[in-house]
Structure formats: C-alpha cells, structure tokens
Amino acid sequence: MNIHEFQAKEILRRYKVPVLEGGVARTAEEAAAIAQRLGGTVVVKAQIHAGGRGKAGGVKVVRSPEDAAAFARGLLGRPLVTHQTGPDGRVVRQVLVEQGCDIARELYLGMVVDRGSGRVALIASSEGGVEIEEVAASTPERIYREIVDPLVGLAPFQARRVAFRLCFPKELVNKAVACFTALANAFHECDASLVEINPLVVTKGGDLVALDAKMGFDDNALYRHPDIRAYRDENEEDPREREASNFELSYIGLSGNIGCMVNGAGLAMATMDIVKHAGGEPANFLDVGGGASKEKVREAFRIILSDPSVKAIFINIFGGILRCDVLAEGVVTAAREVGLSVPLVIRMEGTNVERGKQILAESGLAVQTAANMEEGARMAVAAAAQAR
Ligand code: ADP
Ligand code: MG
C-alpha cells in the first residue's frame with residue numbers, strides 16, 4: 001500500500017525525521033487559511049500517488065494566501081499528468097500547503113528492501129531531485145549504500161559514514177545521523193517496504209529537512225498498523241485491484257487481453273509465462289487462493305469480465321483444497337449473472353474434476369476445455385486473436 005506525501009510526513013514527524021510545518025487542504029479556501037496561519041512564503045503541492053509533480057506544474061512556491069488559493073483552485077478536481085502517472089494523469093483531490101524553505105543543497109535519501117543481500121538498505125546520494133534510477137544508470141558511483149543488520153538496526157557508524165560521503169560539514173553530521181536513524185526506525189516499526197526522501201535538503205540556515213516523502217508498506221503487515229491502514233486512499237487504486245482486495249483476492253492488473261484465473265501464486269506465474277509463450281499478453285495476475293469459495297470464484301470471474309480489454313479468459317486450476325466442482329459452480333454462477341461476453345478456455349485437473357466438467361457441460365456455457373496448460377494457453381490466445 002502507498003500513501004500520500006502529507007501522510008508520510010505525519011508518520012515521519014512522529015519519528016523525529018525533520019519535516020516542515022504544513023496542512024492539507026481540500027478546497028482553495030482551506031489552502032488560503034493554512035497559508036495565512038503559516039505566514040510568509042509557502043509551497044502548494046498536489047497530493048497524488050505519483051512523483052514528478054514539480055516538473056508537471058503540481059508544486060508552486062507562493063507568497064500570499066490569495067496566491068495559494070488561486071494555485072490550489074487550479075489543481076483541485078483536475079487530473080495532473082506527470083511522467084509517473086500515465087497519459088490520463090491522476091485527479092488531485094487535496095493539496096499540501098507547507099512552509100517555504102531556502103534550499104542550499106538537494107540530496108536523495110531512501111530505504112528499500114535489497115533483494116541481493118536480503119536486507120534493508122539505506123541509500124543516499126548527493127544527486128537530489130533527480131530520479132534515483134537515472135543516477136544509478138549514469139553515475140552509480142554517486143550512490144552510497146548501507147546494509148542494515150536486522151538485529152542491530154542502522155548503526156551510528158553507518159549513519160556517520162553516509163554523512164561523510166555526502167560531504168556534510170562537521171556541524172551537520174550529528175543532525176544527519178539523527179535524521180538517518182529516525183528514518184530507519186520509522187521504516188522498521190511501520191513495516192515499510194519503501195521510503196524515499198527526494199529531495200532531502202540542507203537549508204541555507206544549516207538544517208536538514210525532508211522536503212518530499214514517499215512511503216510504501218508491506219500489505220501483509222498492515223493488520224498490525226490500523227492507523228496506517230486508515231491512510232488508504234481508494235481513489236488512487238486501480239479499480240480492478242480495489243474490488244479484488246475487498247474479496248481478499250491476489251489480483252494485479254496488467255495491460256494484455258487474456259484474463260487469467262488461477263489458484264496458487266506459483267501456478268498463476270507459470271500461467272502468465274505460458275500465455276506469453278503462446279504469443280499472448282495476460283490482462284492480469286490472479287490467484288484465487290487455495291480455499292476459495294464459490295462466492296470468491298464468482299467475484300474473481302466478475303472482476304475479470306469487467307475489464308473491457310479482456311478478449312478471452314483462461315482458467316487454469318489445479319483442484320486441491322479448491323475443488324473443481326466448486327470452481328465450476330462459481331464460474332457458471334458468475335457467467336449467468338454477468339453474461340459471458342468473451343470466449344472461455346478451462347483447463348482443470350485434480351479433486352472432483354469429473355464433477356466439475358459435468359457442471360460446465362450441463363450449464364450450456366460455451367466453454368472450450370483444454371487437456372493441458374500449454375494447449376489451454378494456445379486456445380485462449382487464438383480465441384482472443386479471433387475476437388479482435
Ligand atoms: P516531486 O518529486 O513530485 O516533483 P517534490 O516534493 O520533490 O515533488 O517537489 C519538487 C521540488 O519542489 C523540490 O525538488 C523542491 O525544489 C521544491 N519544493 C518542494 N517543497 C518545497 C518547500 N517546502 N519549499 C521550497 N521548495 C520546495
Ligand atoms: Mg520529489
């Protein structure tokens with residue numbers, strides 16, 4: 001799960017990562033009131049789950065409450081297109097109004113789960129404001145990395161080493177160590193999967209401030225953090241994924257045209273591979289889970305059918321705990337309720353497979369059955385090509 005910048009800053013403030021004063025506004029009038037309260041120069045920032053807002057006109061330094069209101073009015077209720085949003089952009093529903101700050105230096109600070117070491121890594125770079133992927137590609141030597149020992153946490157010497165590499169003057173080193181340590185604590189205690197402070201700035205007054213903040217969390221740990229879960233913004237989610245998560249289905253929307261319904265994450269991955277191998281593109285990853293009920297299967301099928309780009313559906317089930325007859329009943333119910341508008345290919349094996357096939361045959365649905373996965377993938381790809 002991802003959250004907004006202003007929410008990430010609320011969390012970071014609690015952990016004593018230095019952030020500026022500010023408030024979130026849903027109307028131009030609220031933006032003006034916050035600017036009035038803060039006084040002086042303020043910055044109005046569009047709140048969407050995407051970066052690149054600065055370059056796209058979603059961030060502006062203004063000198064009066066009237067200007068804050070005017071800029072907020074221009075943003076609110078309209079989509080903002082940045083290089084991270086895709087061509088449709090994302091509708092701005094709120095803006096952060098924050099104190100302005102005199103920037104002396106912009107840096108990059110982040111924490112990620114590092115797959116290579118299997119640990120969390122603190123990443124810093126003197127190249128702030130620039131995308132870290134770009135720095136990694138063009139000047140990888142400017143990225144410093146400290147692997148965090150899960151037993152010890154980020155050690156003070158590691159934090160100091162990063163501060164020295166960033167060429168901080170002596171008087172900033174202690175502030176940097178405190179900031180990095182606070183960030184590491186926030187990451188760990190919140191079960192974050194990603195924190196990105198881009199830019200972390202050194203102000204002209206010699207302070208360190210997190211000027212931007214992005215946080216992502218491990219969904220499987222959210223049950224431990226009801227306060228973080230409350231930050232969820234459904235407006236920012238793919239509607240297909242939102243529906244699926246309400247039914248506890250593991251669903252990821254993709255851009256192809258073959259809807260896939262599979263049980264088990266491993267088989268779901270293999271199914272996407274084999275669809276690609278057969279020359280097709282999956283429209284989604286979907287694992288209905290081992291113990292799926294008829295209702296869950298029905299919902300899964302409904303979500304796949306609701307995707308207008310789906311031109312054929314491939315159901316690939318190995319009946320174990322999820323029995324083939326339960327699957328068949330779910331599919332038949334959903335197809336009756338929603339109307340099956342695209343070709344359907346089913347490959348199933350395992351528990352109660354004969355009963356499952358019988359239910360499908362008696363349903364009168366136009367189902368093509370495949371003897372194995374590869375045949376099923378080919379049939380689905382061929383059917384989708386015909387439908388186009
Ligand atoms: P994004 O990454 O989406 O472009 P940022 O929050 O990083 O958004 O803001 C873009 C730029 O705007 C920053 O690199 C910084 O130069 C400037 N900026 C952001 N917040 C402030 C602020 N409070 N005071 C002054 N400048 C700011
Ligand atoms: Mg940024």
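Bear in mind these aren't lab numbers, they're just calculated from the coordinates by the rules spelled out. For clarity, every value in this text was computed on a predicted model and none was experimentally measured. Backbone-built Cβ (ideal geometry, glycine too); neighbour counts: all protein chains shown.
If the only charges are +1 at each Lys and Arg Cβ and -1 at each Asp and Glu Cβ, what is the size of the charge dipole of region 1-149 around the Cα centre, to the nearest 20 debye?
360
Taking θ = phi - 60°, what integer Hz values does the Karplus form 6.51 cos²θ - 1.76 cosθ + 1.60 yield along region 168-178, in sequence order, with x for Gly and Pro?
Each residue's phi maps through the Karplus curve to give 6, x, 3, 5, 8, 4, 5, 5, 5, 4, 4 Hz.
Can you compute the charge dipole magnitude of the chain about its Cα centre, using +1 on each Lys and Arg Cβ and -1 on each Asp and Glu Cβ, nothing else charged? Give it in debye, rounded to the nearest 20.
520
Give me Y15, Y251, Y231 sorted ascending by neighbouring Cβ count inside 10 Å, so fewest comes first.
Y15, Y231, Y251
I'd like the orientation of helix 373-387 relative to the chain: the angle between its Cα long axis and the longest Cα principal axis, in ° from 0 to 90, rounded to 10.
Its long axis makes an angle of about 80 degrees.
So which trypsin sites (Lys or Arg not before Pro) in region 188-233 are both in a DSSP loop and have at most 15 other Cβ atoms within 10 Å of their Cβ?
Those satisfying the criteria are K204.
Given +1 on the Cβ of Lys and Arg, -1 on the Cβ of Asp and Glu, and no further charges, what dipole in debye does region 21-100 carry about its Cα centre, rounded to the nearest 20?
220
Through the Karplus equation 6.51 cos²θ - 1.76 cosθ + 1.60, θ set to phi - 60°, convert the phi angles of region 306-321 into ³J(HN,Hα) values in whole Hz; use x for Gly and Pro.
Listing the rounded values in order: 6, 8, x, 7, 6, 10, 7, 10, 10, 9, 10, 10, 9, x, x, 5 Hz.
Can you give the helix-only mean residue ellipticity at 222 nm for the chain, where every DSSP H stretch with n ≥ 4 adds -39500 (n - 2.57) and the sum goes over all residues, rounded to the nearest 500 deg cm²/dmol?
-11500 deg cm²/dmol
By count of other Cβ within 10 Å, fewest leading, how are V195, V113 ordered?
With the sparsest Cβ surroundings first, the list reads V113, V195.
Can you give me the angle between helix 5-14 and the longest principal axis of the chain, using Cα atoms only, in degrees from 0 to 90, rounded to the nearest 10?
Relative to the chain, helix 5-14 is tipped by roughly 60 degrees.
Considering amide H positions built from the backbone, and no H for Pro or chain starts, which residues 5 or more places from R78, or on another chain, come under 5 Å of its amide H?
The answer is V92.
How far, in degrees from 0 to 90, does helix 353-363 lean away from the longest principal axis of the Cα atoms of the chain, to the nearest 10?
So the helix axis and the longest Cα principal axis differ by about 80 degrees.
On a straight-distance basis, which aspartates and glutamates could pair with K294 in a cross-link, Cα separation under 19 angstrom, same-chain partners fewer than 8 positions away excluded?
Here the aspartates and glutamates satisfying the reach criterion relative to K294 are E243, E248, D325, E329, E337, E349, E354, E362.
Would you mind counting up the charge near G330? Only other residues with Cβ under 14 Å from its Cβ, with Lys and Arg at +1 and Asp and Glu at -1.
Local net charge: +2.
Give the lysines reachable from K214 as a straight Cα distance under 18 Å; neighbours fewer than 8 places away on the same chain don't count.
K214 reaches K9, K16, K45, K55.
Which far-off residues, 5 or more places away or on another chain, put their amide H under 5 Å from the one on S193, with H placed in the peptide plane?
G216, F217, D218
Can you give the local net charge around V120? Use residues other than it whose beta-carbon is closer than 14 angstrom to its beta-carbon, Lys and Arg +1, Asp and Glu -1.
-4
Determine the percent antiparallel among the DSSP beta bridges restricted to region 238-387, to the nearest 5.
20
Which residue, chosen from L267, P140, N220, occupies the Cα position most advanced towards the positive end of the dipole of the chain, where the dipole is computed from +1 (Lys, Arg) and -1 (Asp, Glu) charges on Cβ about the Cα centre?
P140
How big is the antiparallel share of DSSP beta bridges in the chain, given as a percent to the nearest 5?
Restricted to the chain, the bridges split so that about 75 percent are antiparallel.
When the Karplus curve 6.51 cos²θ - 1.76 cosθ + 1.60 is applied with θ = phi - 60°, which whole-Hz ³J(HN,Hα) does each residue of region 192-200 get, with x for Gly and Pro?
These are the phi-based 3J(HN,Hα) values: 6, 10, 7, 10, 9, 10, 9, x, 8 Hz.
Quick one: order F314, F180 by neighbouring beta-carbon count within 10 Å, fewest to most.
Arranged by neighbour count, lowest to highest, F314, F180 become F180, F314.
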